[in-house]
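The values are calculated or read from the model by the stated rules, or taken from the named source; none is laboratory data. Just so we're clear, the structure is a prediction, and the values are computed from it rather than from any experiment. Here the Cβ positions follow ideal geometry from the backbone for every residue, glycine too, while neighbour counts run over all protein chains shown.
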C-alpha cells in the first residue's frame, strides 16, 4: 500500500493546523498549496506549491496535474469557497487515484445556504433561530409576534460573519432588502455561543470525535479565547444533525445555548479556525485522517478530552526571504 | 548594582514580545501584569500579576505597592491609554526606585492629539496629510481646493484605526461633525504605507535603532504581512522628527510614501504591534532596554538589519487550566 501524500489547498494563515499534520504524519507526506506566496502555512511543509486562484477556470485542471506529477494521494481544502468546487470534481480526482476529503456536494450546498439549513433543522426537530428569506414572510411573522426586533440580516449564502448586521428597525430591514435580494432575516439569539469540532470517519461514516468549547472572545471574526467543556447534550445534538447528512471528515459547528436549549447556528464542512483548541485537548483529527487514508476505520471516542482548559490565541510569525519567494513562482 | 526587574503592564496578547524579553534577559527578571487573567502574554513569564483596570482609581497605587513588594525596578506599558497615566506618575515611581520607561507627558499628549501632531509637523517642515479640526476650516479649504473629497474623518484623539472612516461627500462630513465635536478631517494619502520601529536611548537621548518595513496586508487593525527595507530617507526623517521631541524608549511610526515624498502619519510612543518583525531582522530593543537599566549607553546602530525579509503573521496559542486561573485571583 502506498503511504499517503496529502495536499492541503488554500492553506492560507492556518500554519498551526498544517504543523499538526506535519508533526503527526511521521510516515507519509504533507504538502501545501495556495495562490499567494505570502500564505504563512505554505512554509510549514517541505514542499509547497503556488497554484492559480480558485476562481480561475483552469484551477481544477492545474490541481489534477499537480497531483499526478507530485504523486498526491489525497486533497483537503481549508476554505469554504473551494469545497463545492472539489466536491463537484471528486470523480475526476478519483480517476487518478486521489481521494478528495470533502462532504457530498449536496451536503456542502446545505451548509452554505442559511435558509436551507433552517428548513433542514425544522424538518428534523432541531432548534434553530427563526429565519425568513423574504420581506413578506418577515413582515407577517413580525405582525404575528413570531419574531421581534432587533434581528440579524445576513446574506443567505455567506461565509464567516461577513456582512452580518444587527438591525434595530423594520425600515432598515426594508432598505437592506431593497438593495440586495439575497438576504435573510434571522432571530437574534442571546445565549452562550458554543463551537464544536467533529470528525466523521471517511470509511464507516460514523462520528468518531466531538469536541465542545465555549466561545469567550472573538477577534477578526474568529474565536480568540475559548474554554473546553464536556457536554452530553451537545454530543447528542451533533450526532442527530449528522445522521444521514452526507457530511464527512473534519467539521465545525456553531451552536447557541439559550437557557439550556441548544440552537444550531451553522455548520462549516471543513476544519474550523478554532480546531487547534480541540487538538491541544487531545482530539486528533490529522491522525484519524491518516488512518482513514490507510484504509483503517477509526473507533468512536466521543467526549474523550480534557475539559476546563482555556485556549488563548496570540500571534507568532514566519520570516521568508525575498530569495525564497523568488523560487516559489508557479 | 541591582539586576533589573522589569514589569510589563497591560501585556494583553503581546506574548511574542514578552517572550523576546524573557529570552534576552538572561540575568534580571521580567514579569507581566494585566487586568484580565485570560491575557495570553501573562503566561510567558514565570511571575504574572492580575491588577485593576487602568481606569480604576486605585490603579497607580496598586502598581506602586506591587513594585515594592515584588522589588520591581522598571515598568513598561504596552498600550496607549496607560502611557499618559504612567507619564504623570513618573515621580511617584522614581521615589521608590522604579524607572518608568515612558516619554514625557507632553510628548505622549502630542502623539495622541492628531491635530497637535499636524501642527507639530507643519512647524518643522515635515510633510503631513492636510488636517482640519473644524467644519469651517474644512469647508474653506475645500472651496480653495486645498483638499478634495474623499477624505478621512477620525477622532482627534483616537488609538489605532478605531472609528476611522473614509467619507465621500461634504454632507456626510457635516453629519458626522454634527454628532461628534471631537473629530478631524484628514487628506486621503495614496501611497505605500511604512511602519517604523525606533529606539531612543534612555540615557543619551539619541536614536540608536530605526527599522523600516513596508506594510503589505492588514488584519484586525494590525500589520499582518510586511517586508523589511533599508531606507536612508526614512532614517533622516525619523531623526528629524525625534530631535528635542521628548520621545524616548521603544517607538512606533506610521508613514506614507507618496511618489517618493514621505508623510508622517502618526507616532505611537510605545512598542508597535509589528515590532517582532524588527526583532527577527536583528533589531533588539529588549537588549537595549536591559543595558539602559544597567546604566549603560547604547551606541547607535541605525540601518543595521536584514532587508528584504518578509514577515507573515499567524496564530499560535497558549493553554491554561481552570486550576491555574484560580490561582491568579488578584
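Here are some notes:
- Take the conditions (1) surrounded by 21 or more Cβ atoms within 10 Å (Cβ to Cβ); (2) within 25 Å of residue A:324 (Cα to Cα); residue A:74 misses just one of them, which is (2).
- Residue A:33 being within 14 Å of chain B (Cβ to nearest Cβ) and buried (at least 23 other Cβ atoms within 10 Å of the Cβ): no
- Residue in the stretch A:198-212 that is at negative phi, assigned to a loop (DSSP other than H, G, I, E, B), at pLDDT below 95 and in contact with a helix residue (DSSP H, G or I) (Cβ under 7 Å, 6 or more places away or on another chain) present: no
- Hits in the stretch B:167-191 - residues which are surrounded by 11 or more Cβ atoms within 10 Å (Cβ to Cβ) and under 25 Å from residue B:260 (Cα atoms): B:185, B:186, B:187, B:188, B:189, B:191
- Filtering the stretch A:9-18 to residues that are touching a helix residue (DSSP H, G or I) at 6+ places or on another chain (Cβ under 6 Å), on the phi < 0 side of the Ramachandran plot, touching a residue at least 60 places away in the same chain (Cβ under 8 Å) and not in a helix (DSSP H, G or I) leaves A:11, A:14.
- Of all residues in the stretch A:1-21, those being more than 14 Å from every other protein chain (Cβ to nearest Cβ) and either within 18 Å of residue B:317 (Cβ to Cβ) or surrounded by fewer than 18 Cβ atoms within 10 Å (Cβ to Cβ) (or both) number 4.
- Inside the stretch A:269-314, residues that are in contact (Cβ under 8 Å) with a residue 60 or more places away in the chain, touching a strand residue (DSSP E or B) at 6+ places or on another chain (Cβ under 7 Å), within 14 Å of chain B (Cβ to nearest Cβ) and not in a loop (DSSP other than H, G, I, E, B) make up a count of 9.
Conditions tested, residue by residue: (1) touching a residue at least 12 places away in the same chain (Cβ under 8 Å); (2) under 16 Å from residue B:283 (Cα atoms); (3) within 14 Å of chain A (Cβ to nearest Cβ); (4) buried (at least 21 other Cβ atoms within 10 Å of the Cβ).
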position	(1), (2), (3), (4)
B:204	yes, no, no, no
B:209	yes, yes, no, yes
B:215	yes, no, yes, no
B:250	yes, yes, no, yes
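- Beta carbons closer than 6 Å, at least 6 apart along the sequence or on distinct chains, pair a first residue in the stretch B:219-242 that is free of Cβ contacts under 8 Å to residues at least 12 places away in the same chain with a second that is assigned to a strand (DSSP E or B) and surrounded by fewer than 18 Cβ atoms within 10 Å (Cβ to Cβ) for B:220/A:219.
- Flag for residue A:141 being free of Cβ contacts under 8 Å to residues at least 24 places away in the same chain and either assigned to a strand (DSSP E or B) or over 30 Å from residue A:89 (Cβ atoms) (or both): yes
- Scanning the stretch B:317-330 for residues that are without any contact (Cβ under 8 Å) to a residue 12 or more places away in the chain and closer than 25 Å to residue B:222 by Cα yields a total of 1.
- Residue check, residue B:232 within 18 Å of residue B:306 (Cβ to Cβ), modelled with pLDDT of 95 or more, surrounded by fewer than 22 Cβ atoms within 10 Å (Cβ to Cβ) and out of contact with any strand residue (DSSP E or B) (no Cβ under 8 Å at 6 or more places or on another chain): yes
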